[in-house]
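Reading through the structure tokens given below for one structure.
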Amino acid sequence: MTDSQVTRNLFARRWWVVLLRGVIAVIFGLMAFAWPHLTIATLALLFGLYALIHGISSMFAAIAYRPEAGNRWLLALEGVVGIWAGIVTLRSPTTTAMVLIFFVWVWAIATGILRIAEAIRLRKAIRGEVWLALSGVVTVVFGLMLLLRPIAALIGLAWVIAAYALLLGLFEIMQGLELRTLGHARLGTA
């Protein structure tokens, strides 16, 4: 079995992890839209929990079925960045708005670049890689917006984070469904 087939099989079996991450992102986005008047400390708590869950699920996917996984360092690195951002944010819930924007900015740029790199590396191994690449692009654009317009980001932080989380979640749900289809095709079922 080639490395590409091993990677395809691994992703096809773990489609539900990607789908679950997408659903969590959509729920997070809807909560941020529903309560735009959240305090910065509450928003930091929500972001910290999301980044931590995202990081843990990335690490889980990177080390699951380790003997057959091949080179999974990009996904593991994405997991480390998510866990780091989640822990740092959760340790300081009274974070000022600018520090929160910094944490979100670093996480978004790093995660976005890693997702784009993963999509490029996996483009021949999995279906739905375009959704992974688009989620990376959206994440980098989100991070750049926070970097270039921090005052505007402060004013609409809840709306910006909500919109980003919804887009990211939808892209991950689409990728998870593509991977599920791939898994069914691999097994010969509909």
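The values are calculated or read from the model by the stated rules, or taken from the named source; none is laboratory data. In this text the structure is predicted, and so the values were computed from the model without any measurement. Heads up, the Cβs are rebuilt from the backbone with ideal geometry, glycines too, and the neighbour counts pull from every protein chain shown.
Side notes on the structure shown:
Residue by residue, here is whether (1) in contact with an Asp or Glu (Cβ under 7 Å, 6 or more places away or on another chain); (2) surrounded by fewer than 18 Cβ atoms within 10 Å (Cβ to Cβ); (3) touching a residue at least 40 places away in the same chain (Cβ under 8 Å) holds:
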position	(1), (2), (3)
TRP107	no, no, yes
ALA110	no, no, no
TRP131	yes, no, yes
VAL138	no, no, no
PHE142	no, no, no
PRO150	no, yes, yes
TRP159	no, yes, yes
ALA162	no, no, yes
ALA165	no, no, yes
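- Enumeration of residues in region 28-72 that are surrounded by fewer than 14 Cβ atoms within 10 Å (Cβ to Cβ), under 23 Å from LEU166 (Cβ atoms) and at pLDDT 80 or above: ALA34
- Segments classed as helices (runs of 4 or more DSSP H), wholly inside region 73-190, with at least 1 members that are modelled with pLDDT of 85 or more: 73-91, 97-122, 129-148, 157-187
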